[in-house]
Amino acid sequence: MNTDAAIHHDDAHHDDVPKGFVHRWLFATNHKDIGTMYLVLALVMFFIGGAMAMVIRAELFKPGLQLVQPYFFNELTTLHGLIMIFGAIMPAFVGLANWQIPLMVGAPDMALPRMNNLSFWILPFAFLLILSTLFMPGGAVAGGWVMYPPLILQTGESLAFTIFAIHLMGISSIMGAINIIATILNLRAPGMDLLKMPLFVWTWLITAFLLIAIMPVLAGAVTMLLTDRYFGTNFFNAAGGGDVLLYEHIFWFFGHPEVYVMILPAFGVISEVIPTFARKPIFGYKPMVYATASIAFLSFIVWAHHMFTTGLPVGAQLFFMYATMLISVPTGVKVFNWVATMWKGSMTFETPMLFAVAFVILFTIGGFSGLMLGLVPADYQYHNSYFVVAHFHYVLVSGAAFGIMTGVYYWLPKWSGHMYSERWGKIHFWLSAISVNVLFFPQHFLGLAGMPRRIPDYNVAFADWNMVSSIGGFVFGASQLIFVGNIIYTVYFARDKAPARVWEGARGLEWEVPSPAPHHTFSTPPTILPGMLAHGDITH
Amino acid sequence: MSQQAGAYYIPHGSRWPIIAAVGLFIFMWGAAHWLDGIEPEGPILLFTGLAIIIFMKFGWFGEVIRESQRGAFNAQVDVSFRMGMMWFIFSEVMFFGAFFGALFYSRGLQVPWLSGEGHGALTNYYLFRGYTGGWPTAGPDAIGGAFKTVPAWGEPLLNTLLLLSSSVTITIAHHALRDGHRRRMLVFLAATPILGALFLWFQAHEYIDAYTHLNLTLHSGIYGATFFLLTGFHGLHVTLGTIMLLVILYRTWRGDFSKEHHFAFEAVAWYWHFVDIVWLGLFLFVYIL
Ligand code: HEM
Ligand SMILES: [Cu+2]
């Protein structure tokens, strides 16, 4: 489809934008509107979870109890984890998927638009449910986001509310994932073969599969918590023949694929952005697809690396250690291919590219610490220490969250029709990239020196690095205000119009339609012409 | 909306999803209150939520049915619906997988370890000396007291036959629908929810028996937990499936389905086969072995 035709469609459908708040947002069926709502929700949750993190870092600024009571501290770490994972990272990626997948595969919308609305609107209610527990007798859940029994079964009234909130999030994720799979498999424009799809679409296809496979398992695990607590079952009670480790097994069968749910779409974003700014096609397209698929497969057989210190049989520990090591092979393929894509490219470093490069470097650091944790004897030392905290924040903050920011800067001009402020984007980037390291790198040292995670007070020996880490935390938190400011500026105040092909080197269907992308994009399947796609030639 | 011929059907904005979200929220909110013993708010909220959900189902499905009869859906939309249903069933498989996993783990690993096998020797020696494991078990403390299990070759066997034949009847009904034999279709379709209801009747009877005569309860250690959660969730699915069958029976009788266009019929049939297959797993692993 050429640009004129797209503009023409824009005119034809202009009056289709529903009038009024209720009709446009509450009754929404448009993938762009729903994508926007997901992204806004994620941003709000990012700040709610972020505020909790600021209190945590303030309490840990120096040894001794300053600001909060230990129990409240535990509530904060627990809710911070749940909110960031289920409220910020996951919805943000679903928002990106909603906006981009139909544009990238040439579909008119998501395959099941009304279900799409339901998937979104369940979420605000779920978070209402979970946040309300802060004010309940006995307080919110405080046993960590993993909710291990028996500790979690001692929660006050809020346990049932939290579990039902998790059920709601699960329902939402499953429906969202079904929608994404149906869109990708069924709504591609003619000529958009599976192996010509953009990598972002590929990674989401595989992520959606993971989601449908694991969210029900989490639902099962928390349902067993619920019945153990309220209906007298003995799933997790050894005296009744049950086992607390049963919970850990089921939870981590969900949990490890879940971390890939949070990182694979980021891989997808990075695989779009690096070729654009290196002005070269991605190096090894098919290996990227296969690597993603093998990571997804392997992610189902490594879960017990979270349980090395629980007394598993040695044979099991060895199996899970080797399987964990194996994941670094496809992960290495990905990192290698990103670097090879940049090799001898004519690169420029606009904000999305800066975030993408930082992603590659910092995610790799997180991968390496993961590798260290995956070694059984080493993990005996590191487990439950700040080293683990450092590891997963490298992969989740400078990994997943940076991936989201990359995507937002990359596509925001397409969504809003305006350029963001490059200058403030760069300031946001440099402040974030530096402070995130100040924040999390010292936590490696703290962990190796023996500081346990999830404690409000600590030995004075850990004082210095904690203070450094907290300072990094405050700077990182404050820098994110620039991000919001830049987004608000772009959407409401920016003057300069973004062209259809926002980035010189960008290829793919989304760059063939005007910016902002019209409310209804491809009412009829677009004709894909040679050279439009980033991967694979079109022969009609 | 203005659609070119052959284009994909994109529905207008709809109020049903947000009603569904509110209904679900109130339902869950009420359930949590009720569990925490906050009454009467709990039950009131729960049933209000349930009423909203039922109202929403009628409204939402009604709208889709009207659109479908207006011919708004082309073959591509049909494929989307089919994919939606298939992946939904896959998610259900994984949900049951969690409970089957719990059963295999506790029976195959946990209970033997508690009884001193393998690396569980010291646990057994210091904490649970004298516990010899085996299956069924209510654990070292025999929580819930001694109990007997439901014999596989009584009602469970009967229920297996009922569900298997219901899978046959719905398949015959489906073929009859495709061949245009209305009478045969109605008869066999009507037989299916009847078989489902009979299944539920016998299962209810089995539960009552378990509680009153066998002393097998939710509280009966790990055996009671896995037994009741597995069969209970399955029973819940049979209940939902039976309701779905009644709905498509009504719609068939009304003449909603044509030889070519009967996605709802097929979706329910798939669901029913899925419920059947889960039962076979239950019969084998929960009752026989
Ligand atoms: C390179 C591959 C990776 C390896 C080998 C790896 C390995 C590990 C291991 C062994 C642990 C357990 C440490 C312990 O508790 O003692 C762990 C924890 C964790 N990892 Fe990774 N990891 C990898 C990638 C990732 C990614 C990509 C993410 C998320 C985007 C992630 C998120 C987490 C989280 C959240 C935890 C902590 C869970 C908790 O206990 O609260 N990891 N990782
Ligand atoms: Cu893991």
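If packing is taken as the average number of other Cβ atoms within 10 Å across a peptide's residues, how do B:112-122, A:122-132 rank, most packed first?
In decreasing order of mean packing, B:112-122, A:122-132 become A:122-132, B:112-122.
Packing-wise, with mean Cβ within 10 Å as the measure, how do A:201-207, A:419-425, A:134-140 rank, highest first?
A:201-207, A:419-425, A:134-140
Give me the base-10 log of I(q)/I(0) for the stretch B:34-193 at each q in 0.08, 0.10, 0.19, 0.20 Å⁻¹, Debye formula, one uniform scatterer per Cα, rounded to two decimals.
Normalising to I(0) and taking log10 leaves -0.55, -0.80, -1.27, -1.29.
Over chain A, give the accessible area per residue in Å² for a 1.4 Å probe, as an integer.
Working: 17820 Å² over 540 residues.
That works out to 33 Å² for each residue.
Let me confirm one metric for peptide B:73-83, namely the mean number of other chain beta-carbon atoms within 10 Å of its residues' beta-carbons.
Working: counts 0, 0, 0, 4, 4, 1, 5, 12, 4, 2, 10.
Partner-chain Cβ atoms within 10 Å, mean over residues of B:73-83: 4.
Give me a single rounded figure for A:105-118: the average over its residues of other chain Cβ atoms within 10 Å of their Cβ.
Taking all residues of A:105-118 together, the mean is 5.
For the stretch A:360-443, how big is Rg over Rh, using alpha carbon atoms and the Kirkwood form of Rh?
When Rh is taken as the Kirkwood radius, the ratio is 1.12.
Determine how many Å³ per residue the convex hull of the Cα atoms of the stretch A:368-509 encloses. Present the calculation step by step, with values, prior to reporting the outcome.
Numbers: hull volume 18.0 nm³, N = 142.
Measuring per residue, one finds 127 Å³ for the Cα hull of the stretch A:368-509.
Using 7 Å Cα-to-Cβ label points, what is the A:F47/B:I54 separation (nm, one decimal)?
For the pair A:F47/B:I54, the computed spacing is 4.2 nm.
Hey, can you rank A:324-335, A:61-72, A:214-225 by average C-beta count inside 10 Å, highest first? Working shown, then result.
Details: A:324-335: 18.3, A:61-72: 13.7, A:214-225: 24.8.
Ranking, from highest mean packing down: A:214-225, A:324-335, A:61-72.
Using 20 Å as the cut-off for backbone N distance, which residues of the stretch B:116-135 belong to the label zone defined by a point 7 Å from the Cα of A:V314 along Cα→Cβ?
Counting only backbone N, you get B:116-124.
Got the relative contact order for the stretch A:3-512 handy, in percent, Cα pairs under 8 Å and 6 or more residues apart?
RCO, the stretch A:3-512: 16 percent.
Evaluate the Debye formula for the stretch A:98-138 with equal point scatterers sitting on the alpha carbons, no solvent, and hand back log10 of I(q)/I(0) at q = 0.14, 0.15, 0.25, 0.30 Å⁻¹, in q order, two decimals.
Rounded to two decimals, the profile gives -0.49, -0.53, -0.83, -0.96.
If one takes the accessible area of chain A alone plus chain B alone and subtracts that of the pair, with a 1.4 Å probe, what total in Å², rounded to the nearest 100, results?
Using a 1.4 Å probe on protein heavy atoms, the buried area is about 5700 Å².
Under the Kirkwood approximation applied to all pairs of distinct alpha-carbon atoms, what is the hydrodynamic radius of the stretch B:74-288 in Å?
About 19.3 Å, per the Kirkwood formula over Cα pairs.
Just want to confirm a number: the relative contact order over chain B, from Cα pairs under 8 angstrom separated by 6+ residues, in percent.
Details: 289 pairs, mean separation 46.9, N = 289.
Relative contact order, chain B: 16 percent.
Just grab the label-to-label distance for A:A478 and B:V168, each label 7 Å out from Cα along the Cβ direction, in nm (one decimal).
Taking the two extended label points, one gets 7.7 nm.
Determine the calculated [θ] at 222 nm for the protein assembly as shown from helices alone, applying -39500 (n - 2.57) to every DSSP H run no shorter than 4 residues and normalising by the residue count; nearest 500 deg cm²/dmol.
The per-residue figure over the protein assembly as shown is -22500 deg cm²/dmol.
For B:I44 and B:L122, what is the calculated FRET efficiency with R₀ set at 51 Å and r taken between the beta-carbons, to the nearest 0.05?
That gives a FRET efficiency of 0.45.
Might you tell me the accessible area per residue for the stretch B:137-216, computed with a 1.4 Å probe and given in Å²? Don't jump to the answer; show the numbers that get you there.
Numbers: 4040 Å² over 80 residues.
Value returned for the stretch B:137-216: 51 Å² of accessible area per residue.
Ignoring ligands, DNA and RNA, what percent of the accessible area of the protein assembly as shown is carbon or sulfur (1.4 Å)? Can you show the working numbers first?
Working: 22060 of 31370 Å².
Roughly 70 percent, rounded to a whole number.
For the stretch B:11-72, would you read off the P(r) tail past 13 Å as a percentage of all alpha carbon pairs?
That fraction is 62 percent.
To two decimal places, what compactness ratio does the stretch A:3-512 give when its Cα radius of gyration is scaled by 2.2 N^0.38 Å?
Against the compact-globule rule of thumb, the ratio is 0.96.
For the pair B:I89 and A:V339, what calculated FRET efficiency results from E = 1/(1 + (r/R0)^6), where r is the Cβ-Cβ distance and R0 = 35 Å, to the nearest 0.05?
For R0 = 35 Å, the calculated efficiency reads 0.25.
Other chains near A:518-524: what is the mean number of their Cβ atoms within 10 Å of each residue's Cβ?
The shielding value for this peptide is 3.
Which one, B:Y250, B:T231, B:W272, is farthest towards the positive end of the dipole of the stretch B:198-289 when Lys and Arg carry +1 and Asp and Glu -1 on their Cβ?
Ranked along the dipole, the leading option is B:Y250.
The values are calculated or read from the model by the stated rules, or taken from the named source; none is laboratory data. Owing to the predicted nature of the structure, the values given are computational and were not obtained by experimental measurement. In this analysis, Cβ positions are derived from the backbone assuming ideal geometry, glycine residues included, and neighbour counts consider all displayed protein chains. Each accessible area value is taken on the protein alone, full model and side chains, heavy atoms only, with ligands, DNA and RNA left out. Shrake-Rupley method; radii C 1.70, N 1.55, O 1.52, S 1.80 Å.
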